[in-house]
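Comments concern the structure below.
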Amino acid sequence: MTKTRPGNFFEDFRVGQTLVHAPARTITVGDVAVYTALFGPRFAIHSSDPFAQSVGLPRAPVDSMLAFHMVFGRTVADVSLNAIANLGYAGGRFGVPIYPGDTITADSNVIGLKPNKDGKTGVVYVRSTGLNQRGETVLDYCRWVMVRKRDIDAPNPEIVVPELPASVPVAELHCPFAVTRGHYDVARAGSECLWDDYTPGERIDHVDGMTIEDAEHMLAARLYQNTAKVHFNLHVEREGRFGKRIVYGGHVISLARALSYNGLGNALLVAAIHGGRHSAPCFGGDTVYAWSEVLAKDALPGRDDVGALRIRTVATKDRACADFPGHDAGAPLDPAIVLDFDYSVLIPRRI
Amino acid sequence: MTKTRPGNFFEDFRVGQTLVHAPARTITVGDVAVYTALFGPRFAIHSSDPFAQSVGLPRAPVDSMLAFHMVFGRTVADVSLNAIANLGYAGGRFGVPIYPGDTITADSNVIGLKPNKDGKTGVVYVRSTGLNQRGETVLDYCRWVMVRKRDIDAPNPEIVVPELPASVPVAELHCPFAVTRGHYDVARAGSECLWDDYTPGERIDHVDGMTIEDAEHMLAARLYQNTAKVHFNLHVEREGRFGKRIVYGGHVISLARALSYNGLGNALLVAAIHGGRHSAPCFGGDTVYAWSEVLAKDALPGRDDVGALRIRTVATKDRACADFPGHDAGAPLDPAIVLDFDYSVLIPRRI
Amino acid sequence: MTKTRPGNFFEDFRVGQTLVHAPARTITVGDVAVYTALFGPRFAIHSSDPFAQSVGLPRAPVDSMLAFHMVFGRTVADVSLNAIANLGYAGGRFGVPIYPGDTITADSNVIGLKPNKDGKTGVVYVRSTGLNQRGETVLDYCRWVMVRKRDIDAPNPEIVVPELPASVPVAELHCPFAVTRGHYDVARAGSECLWDDYTPGERIDHVDGMTIEDAEHMLAARLYQNTAKVHFNLHVEREGRFGKRIVYGGHVISLARALSYNGLGNALLVAAIHGGRHSAPCFGGDTVYAWSEVLAKDALPGRDDVGALRIRTVATKDRACADFPGHDAGAPLDPAIVLDFDYSVLIPRRI
């Protein structure tokens, strides 16, 4: 019986297989505090119990991206320990919020497999689902990664490429909070701009830059129990392709989301992740900036108190975003871009 | 409608104006743990619920300086985002303690404005107040900062320089705890020295030095949701005056307060901040030392169980304090001094 | 009255003396989160309240090694502030688990004294005990340290060298959890290997390496309120023997324990520490690896649901452990070895 788990290689996956991830994770106000110290988020719904109660929630829910990382972290040991690259996300839907004290479990279903022509790797498609202790879905999303084969002579599976949604339909967006007239405090939210004030095509520079220290991204990834080796082992990475540890891509997402408060201060929760690309790696010492474009303004069926904005947030390293790098789809990719993230946020309407 | 908030410039302030800061902040045992990891405070009242109960409190209150930073952090985006320098503090009074689970809000009143002769900047005086969820004051204090003008041609306001107290009167010191004979455990407090044992003029070297890492001061400032740019952005600061990120001045206050346990072990709470000066900036890699002088020994009206000590704590960088640098008021300022802090602590009396 | 506490020197200790350590410490979910962020432990019993409940506990207990460090941290100011070297541990027994909200106090009894021939130092033997707020023992262990004399002319005490157990007897191992047939979820534990699957003599490489940052080991030591100067003061250590801060030895123990999850995933709790040696110091930038050997497989009296494994875990720096460095007792000590730790873990049996 092998005691250590080497992680799954490409030939270990089967379409239809369910991967049961370990361990479950009780999320606490301690995790929230560490997350706050790492990213400095200021969205009022996560920062204050009374504010959360003013929009009908029992208390402050955990930041949407902390929820994402906690689910994602569980999947790493089974899905991507032998991955070369995280290729993409699709169809990410946030369900009921996570509250401190909740315990999440995560499972993944293998929904596609595609051997690469090099014979050494293949693409694995999974749908990962995070549930709370009552079995309610807190998040599900598709991810595809390029995974090494253990044995290059292992027979290749039949090609199954799943149909992935280009976006989560508006009808599937779940909004757990509600705003009643006169009860939404824009002053304490920190922004007067509501759903009504945004226009598709509008671009917002989030102005500030945040430098990443190696200690910080390692603290974050360990908090999520994400065990991907490249983030932690300088002894090996010093001899690797970049000569240093690689920052967990999700760290950049959280930085960009926290920076986006300056311009999207009422974007209280993330409802969906439509897609995302980590165009280049980040390292300790890099400074991350971000800008956003409003891709669409979606009314929610049956709701006049809250709407959704579909947002594209681009993050860069060591380059300010006043000129919106990467906005011109025809231009060559700006090498300073490290993230291109397509998601929907929930934001109160003017009532 | 401008989506990003550039912070207030000098010409945006009006005497009498109230700034409503965002977001509110629920403070938890998670915040306390991160604060403990950052500074290593050992004052028994914060470290142990049963100890706090032994002096009549419901449970361990949050460290006085964590309370200060949480209130201060809220004010930055409105008061000092465009500040060049934090010039001083006065009249700081701690009210009811913050307990984990409490939510604080903060507002500031503009109490003075003084344009500088250079025409590019001015001094803004504010009184900031932190309240808990029951509307009780946890802290209020005056601060004045030098703030840039957006437009150097903007007309200057009338000069209003508020009268600031040289110190908080003893009658205004609030002591939320009480000591009963035979119930104060000096062994578990870690010091046998009580109020009776200190003498005005006495100097105490706190002996130890603590090195600051960049990751640490950034974790701290983000925990407080303090968004001052100079602490976080190496990409910009590398080209700046110092070539590196500047440590939040309050970080040095917290280090000095934690170091002062060795010599002031029973100084359970801070009751007042009379004044403070950050004489020089600190940077990642600096090692902070501190010494204190007892400026005054104040009996509290109607109380024979607890007294106040007015303390001056001087912190240095990369210089031990066995010879009390800065004690000689006539000598030139020692360039190693980074903080000169004048405050009152509450300390049990021998009963 | 001396206000600062210089710590005890060799001549200050007396056999039979009790040292009452300060302060007491309420341990919270915040401390657990910071610990998780620092080490990334994945043992299911600490990670999930429902998992802990599935083995009969009220909720997730605090990690065994966090419990150890919290007790140890309290002792430093009285036992080892003037220590030159931490020489060894023996007879460490874990009692009732610590749960978030518990408050621990720690005392130490001086059980031995042995002056060294150099006349400048001596060995101090203590038994330290940590109790919770109900007076139940959470941990007790012996430790011996080499301590400086304040005055080399101070008379030497009579030599008392205590008899220290080579190991904690199996009958003294305390197992606070219980497994009932069909209720132990190996999938959510993350390993299918139970007590039955291990064989004395078996060696396990824990594969992964974890790099230590200076910010991290300082955050950890301050969390435990461990005040040993060598971990914190670069200004002094830069001129010292190594030219840099020394990582708290317990930090390496926690890293090794967290890494050991990969191979010992069901080793839910530590029951005993038989001995341990920090063979070489670690510094910021070092990458720690670990491997383990099963020294013995012990049935617990009256229990068929859980057994003990006596484990030797060896940790190295900047050297992978696939070839089990240090396994050959006759060979010269590998200079990459930083820890040799002898302890017992509790692990469910196949029922």
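The values are calculated or read from the model by the stated rules, or taken from the named source; none is laboratory data. Just so you know, these numbers come straight off a predicted model, no measurement behind them. Note that we place each Cβ from the backbone using ideal geometry, even for glycine, and neighbour counts take in every protein chain shown. Please note that ligands, DNA and RNA were not included when accessible areas were found on the heavy atoms of the full protein model with its side chains. Shrake-Rupley method; radii C 1.70, N 1.55, O 1.52, S 1.80 Å.
Data table
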| item | result |
| --- | --- |
| Filter result for the condition that a residue is touching a strand residue (DSSP E or B) at 6+ places or on another chain (Cβ under 7 Å), of a type outside the set (Ser, Thr, Tyr), closer than 25 Å to C:His274 by Cα and within 14 Å of another protein chain (Cβ to nearest Cβ), over C:Arg74, C:Arg127, C:Arg93 | C:Arg74 |
| Leading residue by the ranking (farthest from A:Pro200 (Cα to Cα)) among those in the range A:290-316 that are of a type in the set (A, V, I, L, M) and out of contact with any helix residue (DSSP H, G or I) (no Cβ under 9 Å at 6 or more places or on another chain) | A:Ile311 |
| Cross-chain or 6+ apart pairs with Cβ under 6 Å, the range C:1-30 first and at positive phi, then at pLDDT below 95 | C:Gly7/C:Leu81; C:Gly7/C:Asn82 |
| Residue under evaluation A:Thr18, criteria (1) open to solvent by less than 10 Å² (accessible area, probe 1.4 Å); (2) closer than 27 Å to C:Pro50 by Cα; (3) not charged (D, E, K, R), criterion not met | (1) |
| Meets criteria (in contact with an Asp or Glu (Cβ under 8 Å, 6 or more places away or on another chain) and either open to solvent by 50 Å² or more (accessible area, probe 1.4 Å) or in contact (Cβ under 8 Å) with a residue 60 or more places away in the chain (or both)) for C:Arg319 | yes |
| Qualifying residue in the range C:177-196 (condition: of a type outside the set (A, V, I, L, M) and under 30 Å from B:Thr316 (Cβ atoms)) | no |
| Residue in the range C:186-205 that is more than 14 Å from chain A (Cβ to nearest Cβ), under 24 Å from C:Val62 (Cα atoms) and surrounded by 14 or more Cβ atoms within 10 Å (Cβ to Cβ) present | no |
| Complete set of residues in the range B:216-248 that are of a type in the set (Val, Ile, Thr), more than 9 Å from every other protein chain (Cβ to nearest Cβ) and in a helix (DSSP H, G or I) | B:Val230 |
| Only one of B:Leu57, B:Leu87 that is out of contact with any helix residue (DSSP H, G or I) (no Cβ under 6 Å at 6 or more places or on another chain) and farther than 30 Å from A:Asn262 by Cα | B:Leu57 |
| Residue within the range A:63-78 that is of a type in the set (Ser, Thr, Tyr), in contact with a Phe, Trp or Tyr (Cβ under 8 Å, 6 or more places away or on another chain) and either surrounded by 23 or more Cβ atoms within 10 Å (Cβ to Cβ) or at positive phi (or both) present | yes |
| Qualifying residue in the range B:275-282 (condition: more than 26 Å from A:Ala290 (Cβ to Cβ), over 20 Å from the mean Cα position of the chain (by Cα) and open to solvent by 30 Å² or more (accessible area, probe 1.4 Å)) | no |
| Flag for C:Pro162 being assigned to a loop (DSSP other than H, G, I, E, B), within 24 Å of the chain's Cα centre (by Cα), without any contact (Cβ under 8 Å) to a residue 60 or more places away in the chain and surrounded by 14 or more Cβ atoms within 10 Å (Cβ to Cβ) | yes |
| Residues located in the range A:210-242, provided they are touching a residue at least 24 places away in the same chain (Cβ under 8 Å), open to solvent by 10 Å² or more (accessible area, probe 1.4 Å) and in contact with a strand residue (DSSP E or B) (Cβ under 6 Å, 6 or more places away or on another chain) | A:Met210 |
| Number of the exception - B:Val126 against (1) at pLDDT 95 or above; (2) within 30 Å of B:Lys297 (Cβ to Cβ) | (2) |
| Test: B:Thr36 is modelled with pLDDT of 95 or more, touching a helix residue (DSSP H, G or I) at 6+ places or on another chain (Cβ under 7 Å) and buried (at least 24 other Cβ atoms within 10 Å of the Cβ) | yes |
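Conditions (1) closer than 19 Å to A:Leu38 by Cβ; (2) of a type in the set (D, E, K, R); (3) assigned to a loop (DSSP other than H, G, I, E, B), marked per residue:
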{"position": "A:Ser254", "(1), (2), (3)": "yes, no, no"}
{"position": "A:Arg257", "(1), (2), (3)": "yes, yes, no"}
{"position": "A:Ser279", "(1), (2), (3)": "no, no, yes"}
{"position": "A:Gly285", "(1), (2), (3)": "yes, no, yes"}
{"position": "A:Gly302", "(1), (2), (3)": "no, no, yes"}
{"position": "A:Thr316", "(1), (2), (3)": "no, no, no"}
{"position": "A:Ala320", "(1), (2), (3)": "no, no, yes"}
{"position": "A:Asp323", "(1), (2), (3)": "no, yes, yes"}
{"position": "A:Pro332", "(1), (2), (3)": "no, no, yes"}
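So that you can scan it fast, the table gives a plain yes or no per residue for (1) within 11 Å of another protein chain (Cβ to nearest Cβ); (2) within 18 Å of the chain's Cα centre (by Cα):
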{"position": "B:Pro23", "(1), (2)": "yes, no"}
{"position": "B:Asp31", "(1), (2)": "yes, yes"}
{"position": "B:Pro50", "(1), (2)": "yes, no"}
{"position": "B:Pro58", "(1), (2)": "no, no"}
{"position": "B:Met65", "(1), (2)": "no, yes"}
{"position": "B:Asp78", "(1), (2)": "yes, no"}
{"position": "B:Asn86", "(1), (2)": "no, yes"}
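Rundown of residues vs (1) modelled with pLDDT of 95 or more; (2) touching a strand residue (DSSP E or B) at 6+ places or on another chain (Cβ under 6 Å); (3) open to solvent by less than 40 Å² (accessible area, probe 1.4 Å), yes/no style:
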{"site": "A:Val288", "(1), (2), (3)": "yes, yes, yes"}
{"site": "A:Glu293", "(1), (2), (3)": "yes, yes, yes"}
{"site": "A:Gly302", "(1), (2), (3)": "yes, no, no"}
{"site": "A:Leu309", "(1), (2), (3)": "yes, yes, yes"}
{"site": "A:Ala315", "(1), (2), (3)": "yes, yes, yes"}
{"site": "A:Asp323", "(1), (2), (3)": "yes, no, no"}
{"site": "A:Ala331", "(1), (2), (3)": "no, no, no"}
{"site": "A:Leu339", "(1), (2), (3)": "yes, yes, yes"}
{"site": "A:Ile351", "(1), (2), (3)": "no, no, no"}
